[in-house]
Amino acid sequence: MRSDIASFQSRVTGSEHCVGTLETNMTTIQDRDQDLSYLRSKVTDLEDRSRKDNICLFGIPENEEGPDVQAFLSSVLSKLNSLSFDLPLEF
């Protein structure tokens, strides 16, 4: 009978150790989940901020600009508005 009790006590001690390890792991996972949520919101914010000054030009085919984007854009805008751009475009 004493050996049975000692065996159960040993199993309970082992189980308590496993539960403690699982609780520690759970806390770590929850902390990392919070960090991940924060980083996702930060990435979304940065993406939104990087887009805010962009302009979209419709009706111009993709990859039509060639190697000199500034010259192409000046040409397109001049044709659209009959304007001449004497000032350099800033990117």
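The values are calculated or read from the model by the stated rules, or taken from the named source; none is laboratory data. Since this is a predicted model, take the numbers as computed values, not measurements. Glycine gets a Cβ as well: all are built from the backbone with ideal geometry, and neighbour counts include every protein chain shown.
If the condition is being closer than 21 Å to LEU77 by Cβ and of a type in the set (Val, Ile, Thr), then region 13-65 contributes ILE55, ILE60. Can you pull out every residue in region 55-77 that is in a helix (DSSP H, G or I) and either surrounded by fewer than 12 Cβ atoms within 10 Å (Cβ to Cβ) or at pLDDT below 80 (or both)? Within region 55-77, VAL69, LEU77 meet the criteria.
Before we move on, is LEU80 at pLDDT 80 or above and either among the charged types (D, E, K, R) or part of a helix (DSSP H, G or I) (or both)?
Numbers: at pLDDT 80 or above: no; either among the charged types (D, E, K, R) or part of a helix (DSSP H, G or I) (or both): yes.
No.
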